[in-house]
Amino acid sequence: MGGNKTVDSLKHGICGEIFIPGDKSISHRSVMFSSLGDRAVRIRNFLNAQDCMSTVACMRSLGIQIDQIGPTEFIVHGKGLHGLQEPQCIVDAGNSGTTLRLMMGILAPQPFLTTFTGDASLHKRPMGRVIKPLSAMGAHIVGRESAKFLPVTLIPTQKLKGIDYQMPMASAQVKSAILLAGMYADGETRVTEPYTSRDHTEKMLETFGVALDKEGTSITIKAVDSFHAPELIEVPGDISSAAFWLVAASIISGSELTLRNVGVNPTRTGILDILIDMGADITLINKRFSGKEPVADIVVKSAALHGTTFGAEIIPRLVDEIPVIAVAAMFAEGETVITGAGELRVKETDRLQAITTEFNKLADCIIAAEDGLTIKGSAKLKAASCLSYHDHRIAMALAIAGAAGAGVTIDNAECVNISYPEFYATLETLRNR
Ligand code: S3P
């Protein structure tokens, strides 16, 4: 069903400004939380892409009225913490791990049955990491291969009880699912991560008036009885989408881009730290806040990059950016070594494998380890046909590598619609400027 797309080599630097579309993580949460709120919420700069529309569809199937009033503007008519209704059909989370895992946290405590499905990629992704702690709270969840994979059914059960849970991995989706279930559980729910992952759930819970206790990488939530929705949520731009332009402008000489309205929450800015460490010319201007989320415009100019080394501690702050960081490393002088990135093996595809196999078709310069990559820089790229594995971030990273190199043809290229439908159009605009 998918089409190929050829991205030609760019003949000149990329200049001008780009308005970055809404943050995927915050868009999901804005719809989920507003659905549980006590009044209608207007959401602006919502990411109108397949993943976030999966969340909209899920909430609609649970009886929530969601009106689209503009291309990226929605009104969610929340029905309160206990207002969701039993869905009439199987609920489809599409390609979206965030939809499925966070919705399991919301639905595990509900007094009705829900069955989830998703696409082929989501069927391969581990759900035990959410089902296990929710079950320890008293939830009754069944799924394929002893509750490890989709399809998954949540069966109504007794009231959940709080737990003190030590997460084996840093994951905002797992952390969020447990905190959301904790809102409905008796007593306290405490969750501890090995390293802090993105904290959009915590920030938005606080916006809705929920008190959290934070200590190191632990967060404690108590049962919640009121959930006060704000009138408006303004979603900042997604730094994970900005990442493609940060790298493109850095490695294509003669470039100067201003990226407008980028969320710069410190739990997400690992890409900035790593690119700056590699020698990138990046400046944040117009720093401001959107609700509790920090936002800035980012000016990036081309620069000579050099290799770097980074590991487990920073991975949660740049987990989705590793494909495009690998592209930066291919163009940098010297070697880049990435460790502690085993989580990439359970993303939309096994990204360590996809990067190694497909990027090496452009230049044979990457070696995979079980939990990381070694990338030999100053690679001489050639044109090639590469597979996206239907993974939006692999497709976009390949497009940047091809644009900066000698061109690339990408299969199932439309998978960028998962998170960045305007991506190719924006690239073409930059080419023609
Ligand atoms: C997300 C968390 C991360 C990230 C994903 C979005 C979220 O996943 O990779 O794209 O919105 O909470 P993990 O929780 O699996 O690390």
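The values are calculated or read from the model by the stated rules, or taken from the named source; none is laboratory data. If you're wondering where the values come from, they're calculated on a predicted model, not measured in any experiment. Note that we place each Cβ from the backbone using ideal geometry, even for glycine, and neighbour counts take in every protein chain shown. Each accessible area value is taken on the protein alone, full model and side chains, heavy atoms only, with ligands, DNA and RNA left out. Shrake-Rupley method; radii C 1.70, N 1.55, O 1.52, S 1.80 Å.
Here segment 194-209 is the region considered, the condition is being among the hydroxyl-bearing types (S, T, Y) and within 11 Å of the ligand (Cβ to nearest atom), and the residue that is surrounded by the most Cβ atoms within 10 Å (Cβ to Cβ) is T201.
Could you list all residues from segment 282-298 that are surrounded by fewer than 17 Cβ atoms within 10 Å (Cβ to Cβ) and assigned to a strand (DSSP E or B)? Matches in segment 282-298: T283, L284, I285, N286, K287, R288, F289.
Among the conditions (1) within 16 Å of the ligand (Cβ to nearest atom); (2) closer than 30 Å to I20 by Cα, A229 misses just one, which is (1).
Name the residue that is nearest to the ligand (Cβ to nearest atom), counting only residues in segment 183-193 that are out of contact with any Ser or Thr (no Cβ under 7 Å at 6 or more places or on another chain) and open to solvent by 10 Å² or more (accessible area, probe 1.4 Å). Only one residue fits best here, namely Y184. Confirm whether F46 is farther than 23 Å from S171 by Cβ and either in the same structural domain as E293 (by TED's automatic domain parsing) or open to solvent by less than 10 Å² (accessible area, probe 1.4 Å) (or both). In short, yes. Residues that are within 29 Å of F112 (Cα to Cα) and buried (at least 21 other Cβ atoms within 10 Å of the Cβ) occur in segment 220-228; there is at least one.
Kindly evaluate A332 against the criterion of being in contact with a Leu (Cβ under 6 Å, 6 or more places away or on another chain), open to solvent by less than 40 Å² (accessible area, probe 1.4 Å) and among the small types (G, A, S). Here the answer is yes, as A332 does meet what is asked. Applying the criterion of at least 3 residues that are within 19 Å of A403 (Cα to Cα) to the strands (runs of 3 or more DSSP E) found wholly in segment 1-46 leaves 5-7, 15-19. Just wondering, is there one or more residues in segment 233-242 that are at pLDDT 95 or above, over 26 Å from I20 (Cβ atoms) and open to solvent by less than 10 Å² (accessible area, probe 1.4 Å)? Among the residues of segment 233-242, not one is at pLDDT 95 or above, over 26 Å from I20 (Cβ atoms) and open to solvent by less than 10 Å² (accessible area, probe 1.4 Å), which makes the answer no. Only one of the numbered conditions (1) polar (S, T, N, Q); (2) under 28 Å from D119 (Cβ atoms); (3) open to solvent by 20 Å² or more (accessible area, probe 1.4 Å) is violated by S388, and that is (3). The combined condition, being in contact with a Gly (Cβ under 9 Å, 6 or more places away or on another chain), surrounded by 18 or more Cβ atoms within 10 Å (Cβ to Cβ) and not hydroxyl-bearing (S, T, Y), is fulfilled by A363. Screening segment 207-278 for strands (runs of 3 or more DSSP E) wholly inside it with 2 or more residues that are within 18 Å of the chain's Cα centre (by Cα) returns the ranges 256-263. Whether any residue in segment 343-356 is under 24 Å from S255 (Cβ atoms), at pLDDT 95 or above and not assigned by TED's automatic domain parsing to the domain that holds T99 is what I want to check. Among the residues of segment 343-356, at least one is under 24 Å from S255 (Cβ atoms), at pLDDT 95 or above and not assigned by TED's automatic domain parsing to the domain that holds T99, which makes the answer yes.
Looking at this structure, is T374 buried (at least 19 other Cβ atoms within 10 Å of the Cβ), farther than 28 Å from R431 by Cα and either at pLDDT 95 or above or within 25 Å of the chain's Cα centre (by Cα) (or both)?
no
Of the helices (runs of 4 or more DSSP H) lying entirely inside segment 102-182, the ones with 2 or more residues being touching a residue at least 24 places away in the same chain (Cβ under 8 Å) and either out of contact with any Lys or Arg (no Cβ under 9 Å at 6 or more places or on another chain) or within 16 Å of the ligand (Cβ to nearest atom) (or both) are found at 120-124, 128-136, 172-182.
Is it the case that some residue within segment 55-64 is among the aliphatic types (A, V, I, L, M), in contact (Cβ under 8 Å) with a residue 60 or more places away in the chain and within 16 Å of the ligand (Cβ to nearest atom)? Scanning segment 55-64 turns up no residue that is among the aliphatic types (A, V, I, L, M), in contact (Cβ under 8 Å) with a residue 60 or more places away in the chain and within 16 Å of the ligand (Cβ to nearest atom).
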